[in-house]
Amino acid sequence: METNATKFKVISFTEARTTLKYDYRVNSFSMDRVTSIKDLGVLMNYKLCFNEHINATTSKAFAMLGFIRHNAREFRDVYALKTLHCSFVRAVREYAVQIWAPYHATQIARIERVQRRFIRFALR
């Protein structure tokens with residue numbers, strides 16, 4: 001099996017102020033060291049803080065909500081709107097939540113803003 005060594009990244013997860021800097025190599029190619037990485041759709045930084053992921057998730061959820069609001073403007077059935085919300089917005093918002101579950105009030109408030117905006121739209 002051939003690998004593309006240019007796609008390899010190194011990240012060290014730590015709370016220490018200094019990290020051990022070792023130069024990892026694959027086929028004599030030195031891997032890049034990064035402070036945040038996306039793995040299976042979840043953005044993580046070296047301190048396992050998910051603020052960046054929550055920002056990206058809420059942005060994507062707001063974009064999907066805008067898509068629904070634009071295309072379902074004439075819908076009056078609340079259950080149809082709920083189905084659209086669960087299929088598009090909620091799926092984005094809850095992807096891998098077991099890993100990045102928010103526990104700070106500011107993170108929770110950011111995520112709940114999406115829900116409140118949908119409810120205002122659905123109940124007009």
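Just how large is the dipole of the chain about the Cα centre, in debye to the nearest 20, putting +1 at every Lys and Arg Cβ and -1 at every Asp and Glu Cβ? Intermediate results must be reported in sequence, preceding the final value.
Numbers: 21 positive and 10 negative charges, 117 e Å.
My answer is approximately 560 debye.
Is segment 71-124 rounded, prolate or oblate when judged by the Cα gyration tensor, a ≥ b ≥ c being the square roots of its eigenvalues, rounded requiring a/c under 1.5 and prolate requiring a/b larger than b/c? List each step's numbers first, then the result.
Working: a/c = 3.77, a/b = 1.86, b/c = 2.02.
Cα axes put segment 71-124 in the oblate bin.
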Mean 1/r over distinct Cα pairs of the chain, inverted to a Kirkwood Rh in Å, yields 17.2 Å
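Would you mind calculating the gained length between THR83 and ASN71 on full extension (0.36 nm times residue separation, minus the Cα-Cα distance), in nm to one decimal? Numbers along the way, then the final one.
Numbers: separation 12, 0.36 × 12 = 4.32 nm, distance 1.40 nm.
Difference between extended and current length: 2.9 nm.
Extension gain ALA91-LYS7, at 0.36 nm per residue separation less the Cα-Cα distance, in nm? Let's see the in-between values first.
Details: separation 84, 0.36 × 84 = 30.24 nm, distance 2.83 nm.
Working it through step by step, the gained length comes to 27.4 nm.
Restricting to DSSP loop positions (anything but H, G, I, E, B) with no more than 13 other Cβ atoms inside 10 Å of their own Cβ, which trypsin sites (Lys or Arg not before Pro) remain in segment 1-57? Numbers along the way, then the final one.
Details: sites: LYS7, LYS9, ARG17, LYS21, ARG25, ARG33, LYS38, LYS47; in loops: ARG17, LYS21, LYS47.
Sparse-neighbourhood loop trypsin sites (Lys or Arg not before Pro): ARG17, LYS21, LYS47.
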accessible surface per residue for the chain, probe 1.4 Å, DNA/RNA/ligands not counted, whole Å² -> 74 Å²
For segment 108-115, in residue order, the Karplus 3J(HN,Hα) values (coefficients 6.51, -1.76, 1.60; θ = phi - 60°; whole Hz; Gly and Pro = x) are 5, 5, 4, 6, 5, 4, 5, 4
Rounded to the nearest 10 Å², the 1.4 Å probe accessible area of ASP39 is 90 Å²
Dividing the helical contributions, -39500 (n - 2.57) per DSSP H run of n ≥ 4, by the residues of the chain yields a 222 nm value, nearest 500 deg cm²/dmol, of -13000 deg cm²/dmol
Straight-line reach check, LYS7, cutoff 14 Å on alpha carbons, 8 or more apart in-chain or any other chain, hits among aspartates and glutamates -> ASP32, ASP39
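Pairs of Cα atoms under 8 Å, at least six residues apart: use those to get the relative contact order of the chain, whole percent.
Details: 97 pairs, mean separation 26.2, N = 124.
Value for the chain: 21 percent.
The values are calculated or read from the model by the stated rules, or taken from the named source; none is laboratory data. Please read all numbers here as calculations on a predicted model, not as lab measurements. Every residue, glycine as well, gets a Cβ built from its backbone with ideal geometry; the counts of neighbours run over all protein chains shown. SASA here: full protein model, heavy atoms, side chains in, ligands and nucleic acids out. Shrake-Rupley method; radii C 1.70, N 1.55, O 1.52, S 1.80 Å.
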